[in-house]
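The values are calculated or read from the model by the stated rules, or taken from the named source; none is laboratory data. In this text the structure is predicted, and so the values were computed from the model without any measurement. Here the Cβ is made from the backbone with ideal geometry for all residues, glycine too, and neighbour counts use every protein chain on show. Please note that ligands, DNA and RNA were not included when accessible areas were found on the heavy atoms of the full protein model with its side chains. Shrake-Rupley method; radii C 1.70, N 1.55, O 1.52, S 1.80 Å.
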Amino acid sequence: VNDSLPGPTIRAQKGDLMYVKVHNQGLYGVTLHWHGVKQPRNPWSGGPEYITQCAIPPGTNFTYEVNLTDEEGTIWWHAHNEWTRSTVYGAIVILPSEGSNFPFTTPDGEHLIMLGSWFNEGTSLNKALEMELSAGSYNVPRATGYMINGQYGDFVPCSNETTSHFSVDYGKTYLFRIVNAAVGSQMFVSIADHNMTLVGMDGAYTKPIVVSYLMIESGQTMDVLVTANQSPGRYYLAAQEFSTEDIDFTNFVHEVATAIIQYKGNFSLTSPPSYPNDTLPLYHDYSAAASFIQQLRSLASEEHPVDVPRNVTTRMFITVSANHVACPDDSCYLGDYKVAEALNNISWEDRSVDVLQAYYRNISGVYTMDFPDLPPVMYNFTGDDLSTSLAEAAQGTSVKVLNYNETVEMVFQGTNLLDQSEYHPMHMHGYSFYVIGVGLGNFDNETDPQMYNLVDPPKVNTFGVPKRGWAAIRFRANNPGVWYWHCHINRHMSWGMSTAFIVKDGDTEET
């Protein structure tokens, strides 16, 4: 975008109204999504292809209206058609409104860290994806490297002369704005010999927690403070995959993406930068991920209050799982069925007319309003050797309809169907939500709600359902429109782990 990778950073203030004119000079259609922007009453600028718009054709332009409201901190924008977001993305920095300040001491400077992924397919990535999807294959493209601000870092020869560098002064404190724009994975992030203080996630402030590493889901953003209080020198900021697929699966990126934090001043550069050997978790460190997640809390201050819905009117229990769907012909990789992912055993199917247009103009045959509140059958979701018959899913364009101002609790239950349990970072368009509970194993609807955090749960727009575990969220349906929600790991979304909300109008002009 604009000859850069990542694309340009948009800087704004809380409450601003932005207009972004997109000129598509590429070879195929594209859309942009404003990830973390609630866009009140404005799903027309939401961005996901086939959900709220058709792609912007090559050689044309489209102007998005981006309506900022209560977001504050770091969010981002990215393409939302096929896998174009692998290289079409950038940050959105939202500063406090005029006359307001950060809820922490103003930092001496800031640095932007955008984690990205690279695919060897290059400009043929979407074609390669379409070929594998049509065959119903597991072999969708896989990232071959991770990047920090468009560079792999020192451990990949083609990039070690262009590794990203961030200059700091001894004794000063810097705000690092970190975006996980990687298409398909959670990441661990650590800085050699330096602690980080997490102060924000997904455009909302958190209670400050001091950590030696981050676990950041695909699609999440985090704001951390780093004080340059070590011996002047060079220190690696390192990011590597947190792999949650089966332990026997090894076809993931093992290289570590690096950037260098360099103190200003005269000192010897004879030795390589310090590396976070003791603090960067290994690829399969589930306990490190769980330990990090358990610390997350909203700031819940007078200036930044929480509003967790207490009287729930709609309850949904949703399985997130690997599945298979019937193959219509003999072209499929696995014979009679093809690979799918599903929510409550329904695998999303895109239509040629977007859902928003069909809803607004009463076009029939595009979607159905029957997304179920429960899975078709209850079983030991996280057990071993589950029957493959449980994994049979239906393909459809099934949405959930909510009345204005309904209060919703959704429990996402991870499953081990087909022995394919993984983390699933669920992302909701048009809303932030409160994560009131997270746990391992099967959700118990009698005992687990007793442990809910209704006081200061984290307020986010993307959050992971743990491998063989569950996550419970709440939100108030006060933003009318059509809103996509999906797993932010692209291969899962492409296999069907998504659906949409239709939130009806309220009964006043403002609603």
> Do the conditions hold for VAL211, that is, is it more than 24 Å from MET428 (Cβ to Cβ) and either under 21 Å from the mean Cα position of the chain (by Cα) or outside the structural domain of HIS427 (by the TED database) (or both)?
Replying inline: yes
>> Residue under question is GLU121, and the condition is that it be of a type outside the set (Ser, Thr, Tyr), open to solvent by 20 Å² or more (accessible area, probe 1.4 Å) and without any contact (Cβ under 8 Å) to a residue 24 or more places away in the chain; does it hold?
In response: yes
> Could you give every pair whose Cβ atoms fall below 9 Å, whose first residue belongs to region 90-101 and is in a loop (DSSP other than H, G, I, E, B), and whose second residue is of a type in the set (Asp, Glu) and crowded, with 18+ Cβ neighbours inside 10 Å, counting only separations of at least 6 or pairs across chains?
Replying inline: PRO96/GLU72; SER97/GLU72; SER100/GLU72
> When region 248-264 is examined, which residues are found to be open to solvent by 60 Å² or more (accessible area, probe 1.4 Å) and either more than 25 Å from the chain's Cα centre (by Cα) or over 17 Å from VAL156 (Cα atoms) (or both)?
Replying inline: ASP248, THR250, ASN251, LYS264
>> Let me confirm something: among HIS427, HIS492, which residue is outside the structural domain of PHE119 (by the TED database), in a helix (DSSP H, G or I) and surrounded by 19 or more Cβ atoms within 10 Å (Cβ to Cβ)?
In response: HIS492
> Inside region 377-417, can you point out the residues that are part of a helix (DSSP H, G or I) and surrounded by fewer than 16 Cβ atoms within 10 Å (Cβ to Cβ)?
Replying inline: THR388, SER389
>> Please return the ranges of strands (runs of 3 or more DSSP E) entirely within region 206-246 where 3 or more residues are of a type outside the set (A, V, I, L, M, F, W, C) and touching a residue at least 60 places away in the same chain (Cβ under 8 Å).
In response: 234-242
> From the list GLU245, GLU303, which one is more than 21 Å from the chain's Cα centre (by Cα) and either open to solvent by 10 Å² or more (accessible area, probe 1.4 Å) or within 25 Å of THR382 (Cα to Cα) (or both)?
Replying inline: GLU303
> Any idea which of (1) over 21 Å from MET201 (Cβ atoms); (2) open to solvent by 10 Å² or more (accessible area, probe 1.4 Å); (3) assigned to a strand (DSSP E or B) is the one ARG11 doesn't satisfy?
Replying inline: (1)
>> Could you check region 25-44 and list, in sequence order, the residues that are more than 19 Å from ASP202 (Cα to Cα) and either over 21 Å from the mean Cα position of the chain (by Cα) or open to solvent by 10 Å² or more (accessible area, probe 1.4 Å) (or both)?
In response: GLN25, GLY26, LEU27, TYR28, GLY29, VAL30, ARG41, ASN42, TRP44
> What do you reckon, is LEU175 surrounded by fewer than 22 Cβ atoms within 10 Å (Cβ to Cβ), more than 17 Å from the chain's Cα centre (by Cα) and not aromatic (Phe, Trp, Tyr)?
Replying inline: no
>> Suppose we filter region 188-197 for residues that are surrounded by fewer than 22 Cβ atoms within 10 Å (Cβ to Cβ) and assigned to a strand (DSSP E or B); how many remain?
In response: 2
